[in-house]
2 protein chains.
Amino acid sequence: MAQRNQLKYIILGLLSEKKLTGYDITKAFDSDIGEFWSANHSQIYPLLKRLEDDALITHELELVGEKLEKKLYSITSAGKTVLREWLSEPTPEISATKDEFILKLYFIHSADDPLLLPMLTEQHQLHQAKLTHLKNQMSRKFPDETSQNNLGHFLILQHAIQRETRYTAWLQDIIDKVSR
Amino acid sequence: MAQRNQLKYIILGLLSEKKLTGYDITKAFDSDIGEFWSANHSQIYPLLKRLEDDALITHELELVGEKLEKKLYSITSAGKTVLREWLSEPTPEISATKDEFILKLYFIHSADDPLLLPMLTEQHQLHQAKLTHLKNQMSRKFPDETSQNNLGHFLILQHAIQRETRYTAWLQDIIDKVSR
DNA sequence: CCCTCCATGTAACTGGTTACATGATTTC
DNA sequence: GAAATCATGTAACCAGTTACATGGAGGG
């Protein structure tokens with residue numbers, strides 16, 4: 001997608017909470033944020049430089065051990081303004097959910113197609129695993145059902161769990177009908 | 001996404017049903033397939049050329065009126081093989097659902113944030129509209145609840161309707177809690 | 001004759017992935 | 001001392017968007 005840099009806002013959003021290195025930001029996509037977005041370090045480092053050029057962030061050097069200097073980035077007030085503006089803007093797009101399985105399914109015209117059942121069971125397993133993972137995340141991050149100072153994260157997890165629950169149920173339903 | 005060309009398979013899939021021009025394929029993304037995928041003609045035309053170079057499709061010229069020649073593309077048997085192989089392959093990725101609203105929500109930490117309620121109501125309206133549209137599509141395309149020779153399309157519509165139903169209910173639930 | 005739709009292309013640019021490349025620190 | 005992890009970058013490439021560009025056919 002050659003769209004308006006959304007990664008930019010993720011970085012600003014993360015830095016608005018605390019100071020982070022490029023490496024920390026990269027890591028964030030393996031955990032929390034990885035649940036619904038992805039990015040590689042090769043994309044992050046150049047973007048950090050660009051954001052600093054635009055004065056939305058700055059960095060200070062921190063010495064680790066003898067030689068290793070890491071760059072601790074923090075958001076500037078200009079950066080905070082840009083972030084807040086983005087949050088305030090309307091979000092009128094409903095992304096086209098590019099799910100490859102759904103795409104394949106579109107080209108399965110008949111219930112008799114021998115590919116159908118294997119496809120369905122594979123996806124069911126995947127989404128079941130994802131659901132389990134999400135539920136674990138939920139009980140790890142929000143053990144006492146209070147969303148504390150992290151309402152957004154709580155809601156997103158809740159949303160994802162509902163989505164995967166619905167997805168697996170849908171698949172199960174088709175499996176039942178097809179294999180009957 | 002710089003991933004394995006999925007558009008390629010969409011084109012092969014569409015051509016496996018009937019002969020189409022580049023224009024027809026472009027149009028397909030405004031209706032049926034547009035429900036879950038998007039593509040521009042500027043991406044389609046060069047790809048058609050590439051697929052023809054790879055002998056997965058061919059074209060014949062058809063004269064319209066006096067001068068206008070349109071290219072009617074059809075799939076070759078090599079193309080059919082490639083399509084079938086793609087359908088047979090596992091689909092082990094769960095795409096990261098890049099939903100900008102979800103992203104924004106992640107950075108809303110408190111229920112007191114004045115941006116929260118407007119965001120929620122905006123999204124509720126959008127997804128409600130989408131749901132209505134999908135239901136219309138369903139009754140237009142499958143008026144008598146039989147999925148005929150188009151099982152895949154039927155299932156995808158069903159899935160999308162369930163997804164949007166779930167999405168709007170989730171939003172409504174948060175709205176109720178926040179505005180209470 | 002004008003407007004809409006049919007029809008096909010190219011160019012410039014941005015976003016994102018994969019691969020290349022290097023070196024320090026920590027842990028076992 | 002070896003392996004895993006921390007830490008930062010660049011280069012090549014592919015996917016996808018926006019804009020540029022052209023012209024015929026059909027309907028009113």
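Just so it is clear, none of the values below were taken in a lab; they were calculated from the coordinates. Note that the structure is a prediction, hence the values are computed from the model and not measured. Positions of Cβ are generated from backbone atoms using ideal geometry, with glycine treated the same way; all protein chains shown enter the neighbour counts.
To the nearest 0.05, how large is the calculated FRET efficiency for A:L63 and A:R4 if R₀ is 45 Å and r is the Cβ-Cβ distance? For A:L63 and A:R4, the calculated efficiency is 0.75. Taking label points 7 Å from Cα along the Cα-to-Cβ direction, A:A78 and A:S110 give a separation of 6.4 nm. Farthest towards the positive end of the charge dipole of chain A, among the residues A:I94, A:I175, A:H127, is the Cα of A:I94, using unit charges on the Cβ of Lys, Arg, Asp and Glu.
Largest first, the three principal axis extents of the alpha carbons in the protein assembly as shown are 68, 44, 40 Å in whole numbers. Note on chain B: GNM, Cα springs under 10 Å; of B:N136, B:N40, B:N149, the largest mean-square fluctuation is that of B:N149.
Partner shielding of A:152-163 amounts to 5, given as the average count of beta-carbon atoms from other chains within 10 Å of each residue beta-carbon. Residue order for B:I94, A:I108, fewest other beta carbons within 10 angstrom first, comes to B:I94, A:I108. Inter-copy label distances for B:L115: 4.3 nm (label point placed 7 Å from Cα along Cα→Cβ; shortest first). A simple charge model with +1 on the Cβ of Lys and Arg, -1 on the Cβ of Asp and Glu and nothing else charged puts the dipole of region B:100-179 at about 300 debye relative to its Cα centre.
Out of every Cα pair in region A:100-179, what percent are spaced more than 15 Å from each other?
Details: 1949 of 3160 pairs.
The calculated P(r) of region A:100-179 puts 62 percent of pairs beyond 15 Å.
Taking the Cα centre of the protein assembly as shown as reference, the dipole from Cβ charges on Lys and Arg (+1) and Asp and Glu (-1) amounts to some 40 debye. Taken one residue at a time, the phi angles of region A:32-37 give Karplus couplings (6.51, -1.76, 1.60, θ = phi - 60°) of 2, 5, x, 5, 9, 7 Hz. Gly and Pro are set to x. Using a Gaussian network model of chain A in which every pair of alpha carbons under 10 angstrom is joined by a spring, one finds that among A:I156, A:I33, A:I25 the greatest mean-square fluctuation is at A:I156. Amide H contacts under 5 Å for A:L20: A:Y73, restricted to partners 5 or more places along the chain or on a different chain, H placed in the peptide plane at 1.01 Å from N.
Shortest first, B:E62 label-point distances to identical copies amount to 6.5 nm, with the label point at 7 Å from Cα along Cα→Cβ. How far apart are the A:R84 label points across copies, placing each 7 Å from Cα toward Cβ, in nm, shortest first? Label-point separations across copies, in nm and ascending: 6.2. Listed values for region A:99-104 are Karplus-derived 3J(HN,Hα) couplings in whole Hz (6.51 cos²θ - 1.76 cosθ + 1.60, θ = phi - 60°), namely 9, 5, 5, 4, 4, 4, and x replaces Gly and Pro.
Residue and whole-Å distance for the chain B Cβ lying nearest the axis of the B-onto-A rotation are B:R166, 2.
Across region B:6-88, the convex hull enclosing all Cα atoms gives 96 Å³ per residue. Only the Cβ atoms of Lys and Arg (+1) and of Asp and Glu (-1) were treated as charged; on that basis the dipole of chain B about its Cα centre amounts to roughly 120 debye.
At 20 °C and 1.002 mPa s, what whole-number value in µm²/s does Stokes-Einstein give for the translational diffusion of chain A, with Rh from the Kirkwood sum over Cα pairs?
Values: Rh = 19.5 Å.
Reported coefficient: 110 µm²/s.
Residue pairs exceeding 30 angstrom between C-alpha atoms, taken from A:K18/B:K98; A:K8/B:K130; A:K8/B:K135; A:K98/B:K71; A:K135/A:K177; A:K98/A:K141: A:K8/B:K135.
Calculate the mean, over all residues of peptide A:62-71, of how many other protein chain Cβ atoms lie within 10 angstrom of the residue's Cβ. Show your work: numbers first, answer last.
Numbers: counts 0, 0, 0, 0, 0, 0, 0, 0, 0, 0.
Per-residue shielding by partner chains comes out at 0.
When the Cα positions of B:Q158, B:N136, B:T146 are compared along the charge dipole of region B:100-179, B:T146 comes out farthest toward the positive end, with charges on each C-beta of Lys, Arg, Asp and Glu. Considering only B:Q43, B:I57, B:L20, and ranking their Cα positions along the charge dipole of region B:15-66 that arises from unit charges at the beta-carbon of Lys, Arg, Asp and Glu, the one farthest toward the positive end is B:Q43. In this structure, the amide hydrogen of A:T91, modeled 1.01 Å from its nitrogen in the peptide plane, lies closer than 5 angstrom to no residue at least 5 positions away or on a different chain.
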